[in-house]
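Colleague: One structure follows; several queries about it will come next.
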Amino acid sequence: MSEAKRRSQMNAIEAVLEFMKSAQDPTVARWHLLGTGTVGELERKFESYYGVPHALSFSSATFGLYHVLKALGLQAGDTLITTPLTWGGTIAGARELGIEIVFVDVDRRLGISPEAVRNAAEVHPGAAALLAVDIFGVPSNMRELRRVADEHDLAYVADAAQSFGSIDKGRPASSFADVIVTSLGPGKGLTGLEGGMVMAQCADLYAQLVWQSQHPLRQKRELGLRRTNECALNGRIHPVAATWANAHFEDALCAIKSRSKMCSSLLHAVSKTGLATVSDVLLDAENELRFPSVVGTWGDARYPERLLKALREQGYEVKSVEALGASDLLPVQCGRMCRAEAKKCFPQAVSVTENSFCLSV
Ligand SMILES: Cc1ncc(COP(=O)(O)O)c(C=O)c1O
């Protein structure tokens, strides 16, 4: 573990111990019910980082996404357009709500293709929302997706679970969305060990989220209500998770920044080896994309050991080459179609799972 990381861990441990001591006071122990104290502090940091007016923490990104779709008023039979190349948590809430999910292919950034969303919105004119994902932390094309969402009156929801700290032309990945959901789960760029954060542009949507997911004390404090919703489906983050994430916030951003820099030069190094290719969209400096992962694609032959050796010889500390095809695309996993059908419908996404790899650094 690097010295910086060790120091950051020690700070976080001290912050948690301090919190646990102070939480012996019953007044302090209620702060997170109110959305104040460590929870409020973390939410202010996310608002400021993403430049959005409202952040609300959750127990996980999965549950945050569920609440977002519910707060947007999506219900059984409504249509949501999303990508097949993601983790199941992206659509778990939609499935629970009985929402009709339309999968469309990805583009060369690996995120949902704006053109494919446009086509799907024409085929499904009543579609309510698009749900984009910054898979592997690579920013999806938020500027084009914003345009398509506006053209077709779609709510633009972003699953930014993997992209905290990623940048697209100077702006946080997915910050053009109406609602952004990120994860504070294990292994994420910023972790509370568990947790999620929802950021909303619209005050009404935020109020609905507070009403349906937070404690009546918070509903009363923030919404000024006399009658509160005691039957809210509790989505609160644990205050220790918030404390842990709070203590790491700035250090995590610094670490992601330097890792992204290294990944960017590693992407170029991979492409120079001639053993694999990298999407030109990710290599092109004009796109000004910054993200902490390295995804490459094999040509006709696969030489993971030779690739590792070539990169190590150039001074990069690469641990391993991981195939991306460990799990099937979501529509196949969900039993909606077989792999052959998926290949026809989502050639780009299938090609990623079959031919691409991620470098573990
Ligand atoms: C793309 C994506 N969406 C959603 C989730 C769910 O996040 P959480 O574990 O916080 O529920 C994850 C978790 O890894 C993810 O990678």
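The values are calculated or read from the model by the stated rules, or taken from the named source; none is laboratory data. Just so you know, these numbers come straight off a predicted model, no measurement behind them. Here Cβ is always computed from backbone atoms with ideal geometry, including for glycine, and neighbour counts include all displayed protein chains.
One line per residue, one yes/no per condition, for (1) surrounded by fewer than 24 Cβ atoms within 10 Å (Cβ to Cβ); (2) more than 21 Å from Gly187 (Cβ to Cβ):
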| site | (1), (2) |
| --- | --- |
| Gly64 | no, no |
| Arg95 | yes, yes |
| Ala120 | yes, yes |
| Ser140 | no, no |
| Leu145 | no, yes |
| His152 | yes, yes |
| Ala161 | no, no |
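Colleague: Among the residues of region 67-82, write down those that are in contact (Cβ under 8 Å) with a residue 60 or more places away in the chain and within 15 Å of the chain's Cα centre (by Cα).
Modeller: If the condition is that a residue be in contact (Cβ under 8 Å) with a residue 60 or more places away in the chain and within 15 Å of the chain's Cα centre (by Cα), then Val68 is the only one that fits.
Colleague: Select from region 80-111 the residues that are within 12 Å of the ligand (Cβ to nearest atom) and assigned to a strand (DSSP E or B) and list them in ascending order.
Modeller: Thr82
Colleague: For region 166-187, how many residues meet the condition of being more than 17 Å from Glu43 (Cβ to Cβ) and within 9 Å of the ligand (Cβ to nearest atom)?
Modeller: Residues flagged as more than 17 Å from Glu43 (Cβ to Cβ) and within 9 Å of the ligand (Cβ to nearest atom) within region 166-187 amount to 3.
Colleague: Now a separate question. Looking only at region 168-184, how many residues end up being surrounded by 19 or more Cβ atoms within 10 Å (Cβ to Cβ) and in a loop (DSSP other than H, G, I, E, B)?
Modeller: Here the count works out to 7.
Colleague: Under 7 Å between Cβ atoms, at least 6 apart or on separate chains: pull out the pairs that start in region 215-240 with a residue that is touching a residue at least 12 places away in the same chain (Cβ under 8 Å) and end on any residue that is hydrophobic (A, V, I, L, M, F, W, C) and assigned to a loop (DSSP other than H, G, I, E, B).
Modeller: Gln219/Leu225
Colleague: Let me ask something additional. Against the definition (out of contact with any Phe, Trp or Tyr (no Cβ under 7 Å at 6 or more places or on another chain), within 16 Å of the ligand (Cβ to nearest atom) and either in a loop (DSSP other than H, G, I, E, B) or modelled with pLDDT of 95 or more (or both)), how does Val210 come out, yes or no?
Modeller: It is false that Val210 is out of contact with any Phe, Trp or Tyr (no Cβ under 7 Å at 6 or more places or on another chain), within 16 Å of the ligand (Cβ to nearest atom) and either in a loop (DSSP other than H, G, I, E, B) or modelled with pLDDT of 95 or more (or both).
Colleague: Further question: Residues Ala349, Ala340, Ala326: which one is modelled with pLDDT of 95 or more and either part of a helix (DSSP H, G or I) or aliphatic (A, V, I, L, M) (or both)?
Modeller: Residue meeting the stated conditions: Ala349.
Colleague: Please identify the pairs in which a residue from region 185-204 that is within 25 Å of Val16 (Cα to Cα) has its Cβ atom under 6 Å from the Cβ atom of a residue that is part of a helix (DSSP H, G or I) and near the ligand (Cβ under 8 Å from one of its atoms), counting only partners at least 6 apart or on another chain.
Modeller: Gly196/Ala61; Gly196/Gly64; Val198/Gly64
Colleague: Filtering region 38-61 down to residues that are of a type outside the set (A, V, I, L, M) and crowded, with 23+ Cβ neighbours inside 10 Å, which residue is nearest to Arg95 (Cα to Cα)?
Modeller: Phe58
Colleague: Are there any pairs, at least 6 apart or on different chains, whose C-beta atoms fall under 6 Å, with the first in region 83-94 and hydroxyl-bearing (Ser, Thr, Tyr) and the second within 9 Å of the ligand (Cβ to nearest atom), and if so, which?
Modeller: Filtered contacts from region 83-94: Thr83/Val133; Thr86/Val133; Thr86/Ile135; Thr90/Val133; Thr90/Asp159.
Colleague: Looking at this structure, is Val321 surrounded by 11 or more Cβ atoms within 10 Å (Cβ to Cβ) and within 22 Å of Thr83 (Cβ to Cβ)?
Modeller: In short, no.
Colleague: Please verify whether Glu18 is acidic (Asp, Glu), away from the ligand (no atom under 14 Å from the Cβ) and either within 27 Å of Ala173 (Cα to Cα) or in contact with a strand residue (DSSP E or B) (Cβ under 9 Å, 6 or more places away or on another chain) (or both), treating the condition exactly as stated.
Modeller: Spelling it out, it is not the case that Glu18 is acidic (Asp, Glu), away from the ligand (no atom under 14 Å from the Cβ) and either within 27 Å of Ala173 (Cα to Cα) or in contact with a strand residue (DSSP E or B) (Cβ under 9 Å, 6 or more places away or on another chain) (or both).
Colleague: Scan region 151-161 for residues that are within 9 Å of the ligand (Cβ to nearest atom) and touching a residue at least 60 places away in the same chain (Cβ under 8 Å) and jot them down.
Modeller: Asp159, Ala161 - these are the residues of region 151-161 that are within 9 Å of the ligand (Cβ to nearest atom) and touching a residue at least 60 places away in the same chain (Cβ under 8 Å).
Colleague: State whether one or more residues within region 217-231 are out of contact with any Leu (no Cβ under 6 Å at 6 or more places or on another chain), within 16 Å of the ligand (Cβ to nearest atom) and modelled with pLDDT of 95 or more.
Modeller: No.
Colleague: Kindly indicate whether any position in region 128-147 is without any contact (Cβ under 8 Å) to a residue 12 or more places away in the chain, more than 30 Å from Ser360 (Cα to Cα), part of a helix (DSSP H, G or I) and not hydroxyl-bearing (Ser, Thr, Tyr).
Modeller: There is no residue in region 128-147 that is without any contact (Cβ under 8 Å) to a residue 12 or more places away in the chain, more than 30 Å from Ser360 (Cα to Cα), part of a helix (DSSP H, G or I) and not hydroxyl-bearing (Ser, Thr, Tyr).
Colleague: So is Val133 under 19 Å from Leu97 (Cβ atoms), buried (at least 19 other Cβ atoms within 10 Å of the Cβ) and within 16 Å of the ligand (Cβ to nearest atom) or not?
Modeller: yes
Colleague: Count, please, the residues in region 162-184 that happen to be among the aromatic types (Phe, Trp, Tyr) and touching a residue at least 60 places away in the same chain (Cβ under 8 Å).
Modeller: Within region 162-184, residues that are among the aromatic types (Phe, Trp, Tyr) and touching a residue at least 60 places away in the same chain (Cβ under 8 Å) number 1.
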